[in-house]
Amino acid sequence: MAGRIRQSDVEEVKARTNIADIVGDYVALKSAGVGSLKGLCPFHDERSPSFHVRPQVGFYHCFGCGESGDVYSFLQKMDHVTFAEAVERLAARIGFSLHYEDGGPAAAEVGNRARLIAANAAAEEFFRERLGAPEAEAARRFLGERGFDPAAAERFGVGFAPNSWDALGAHLRGRGFSAEELAASGLVSTGERGSAYDRFRGRVIWPIRDVTGQTVGFGARRLFDDDKGPKYLNTPETAIYHKAQVLYGLDLAKREIGRSHRVVVVEGYTDVMACHLAGVDTAVATCGTSFGVDHIKVLRRVLGDDNGLGEVVFTFDPDEAGQKAALRAFGEERRFAAQTYVAVGPEGLDPCDLRLAQGDAAVRRMVDTKRPMFDFVIRQALGKYDLETVEGRVAALRECAPIVAGIRDAALRPGYTRQLARMLGAELGEVQSAVQAALRHPAAQGGPGQARGETGGRDRPGQQGVGQQRPGQQGAGQRRAEQEHEAPRAPEVSLSSIGSDPATRLEREALMAVLQYPQHVGHERAVAVSHAGFSNASLAVVRDAVAANVDSYAAPGWLERVVNDVPAPFRALTLQLSVAPIPARDEAGAAVFATSVTASMLDRDLLRRKADALGRLQRTDQSDREALAAIQRELVQIDAERARLRGE
């Protein structure tokens, strides 16, 4: 088995990797000032972005939940990989050959997740090659009948699983994958007698990729009448495939979603293909499960869903199943800051059938003529009642009033209230009273919110219930420590807890400049700042760690050594200082900031030293001319240094 990765290789891979590129595969990042990016935190739900990335220093930090680290820890936490697997993945990304301490390049065994990824990649290659075989005629005909030519199949990686019990398994075993790895990847199943067989047989195959583009599973559609399995079959839950967290097509759509702040959620693989081929490049679909909370979390990060300006468009079939899907989506609608819509094709055609019948323009037109989700849901609800009867109108009002009351934008409620009154043929005042009652007592109404157990309003991302604590807060940690008869951990220090008086602010900004902009501060000034007097005890701890490592200032891994040197309660503060935005618009402004704030810090320290020297001068025996002269020379030197600083 390969040994420990050589440390110099670890540092080299990190130095060659832009952390913003890696984080950007998961989070839509936007500028947060010079050299700083921000986005919605991938580790907790939030309405406004508090997750900051500093590519120049190679760190990220969330000011909301406290998660922080470098590019390796980000991958470890996001994809649940080991440190070695994170290094190996990034090395492969940049084409860097790793070496291990027992000699030689990486050879055979890597982490379990990497092996499962490799098995899926090999399976995708196998399926794609088989699509051109004579036995795949039914698969090619299936695709052709739906308007997909070989170029489209190639673009989306569509393949064919031979109608064989062991074609894939034998192929992958020949490629060096073990039976255990094939079972763990979900590519083979085990029969009642313990024999393994291919999970996908005689089916069209779509690769399902994560947001980074790695194939983590497959979706398969039945082709032959003698196949008694389900019409659609997916990879089972594995260490790398979780159907509630993946969206088909997201790897292809994420850039355009982030740019346009729009996502179109369709119902199937062929609908995604049809939309993309028709020019709707933001289409995605769930994989064998209904659209849920975890999908929303993924999309909000990619959308940059923090300002209410984005659009989430759902397409649903007009049948009963489609209506149920629409109501489920509506039940979670308020988890989005973006506006939600529903697009329904003419005559109830889904995107794939619509493209076949009327062409690409019709698919684009269907999305462009979307309706607000609330309008769609209200009409669906009214359709269940006989509005010609008093009883039907009362029951419809009882169901629809909470829907109108649940509209986030209060400016829209009066319009929907009037629209509901017209649809019901009811008095406006009667409908207004019902909506107001639903606003006052949401749990007492039979609206969609109640199905999720809401008792006083809907949950919002990032909110904490009464008495709840975030994971890792002191209360939970202290109870756990008491149960284990251990001393509770010291509370973490953060920027928000150190105060904001003028002296603290100057010390804080000086450390931010030293940590974030070594190219503008320089070694000599960093040494001077690290030996200056600090009035804030917490910031003084960070200063001492800088002083301990100042000899290697700005060298690769320098900041990481500073972070590791501070006591554990001060690490969050150190990371925050290394990523916090500065008041500058461009690199020139950053240079001015770094120079001026460190100069002010040193000037303050020189002023303190001057006051100390003047005090000593006053206390010195006037007959001790040598001591007096030394103090005078010190004062002259201090004044000269202050003049030099002010002249910069």
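The values are calculated or read from the model by the stated rules, or taken from the named source; none is laboratory data. Keep in mind it's a predicted model, so treat the numbers as computed, not measured. Counting neighbours? That spans all protein chains shown, and the Cβs are built from the backbone with ideal geometry, glycine included. Accessible surface is based on the protein model in full, side chains and every heavy atom, while ligands, DNA and RNA are left aside. Shrake-Rupley method; radii C 1.70, N 1.55, O 1.52, S 1.80 Å.
What region 482-576 shows is 48 Å² of accessible area per residue, with the surface traced by a 1.4 Å probe over protein heavy atoms. For the peptides 522-532, 192-202, 293-303, 51-61, the ranking by mean Cβ contacts within 10 Å, running from highest to lowest, is 51-61, 293-303, 522-532, 192-202. The relative contact order of the chain, computed from alpha carbon pairs under 8 Å that lie at least 6 residues apart in sequence, is 11 percent.
Computing FRET efficiency as 1/(1 + (r/R0)^6) for Ser195 and Glu587, where r is the C-beta to C-beta distance and R0 is 60 Å, gives about 0.40.
Hull volume per residue, based on the alpha-carbon atoms of the chain and their convex hull, is 237 Å³.
Extension gain for Asp225-Leu635 works out to 137.9 nm (0.36 nm per residue, less the C-alpha to C-alpha distance). With a/c under 1.5 counting as rounded, go ahead and sort region 45-106 into rounded, prolate or oblate using the C-alpha gyration tensor (a ≥ b ≥ c being the square roots of the eigenvalues; past the cut-off, prolate if a/b is larger than b/c, else oblate). Judged from the Cα gyration tensor, region 45-106 comes out prolate (a/c at least 1.5, a/b above b/c). Among the protein heavy atoms of the chain, carbon and sulfur supply 49% of the accessible surface, probe 1.4 Å, non-protein parts ignored.
Rounded to the nearest 20 debye, the dipole magnitude of the chain is 1100 debye, with +1 charges on Lys and Arg beta carbons, -1 on Asp and Glu beta carbons, and the Cα centre as origin.
For a quick check of your reading of the filter: which trypsin sites (Lys or Arg not before Pro) in region 545-637 sit in a DSSP loop and have no more than 14 other Cβ atoms within 10 Å? Listed in order of number, the matching sites are Arg585.
With only Cα atoms counted, region 94-209 has Rg and Dmax values of 16.7, 56 Å.
Highest-first packing order for the peptide set 131-142, 493-504 is 131-142, 493-504, based on the mean count of other beta carbon atoms within 10 Å. Here the gap between Thr389 and Lys77, fully extended at 0.36 nm per residue and compared with their Cα-Cα distance, gives a gain of 106.6 nm. A straight line joining the Cα centroids of region 528-597 and region 115-138 runs 52 Å. For the chain, lysine pairs separated by 8 or more sequence positions, or belonging to different chains, with Cα-Cα distances below 25 Å total 27. Apply the membrane-span-like helix rule to the chain: whole DSSP H runs, Cα extent along the own long axis of at least 20 Å, mean Kyte-Doolittle hydropathy at least 0.5. List the helices found. The qualifying helices are 390-405.
By the equivalent-ellipsoid construction on the alpha carbon gyration tensor, region 1-149 comes out with semi-axes of 35, 26, 13 Å, ordered largest to smallest.
Along the axis of the charge dipole computed for the chain (Cβ charges of +1 for Lys and Arg, -1 for Asp and Glu, origin at the Cα centre), the listed residues Ile22, Gly415, Ala588 are led at the positive end by Gly415.
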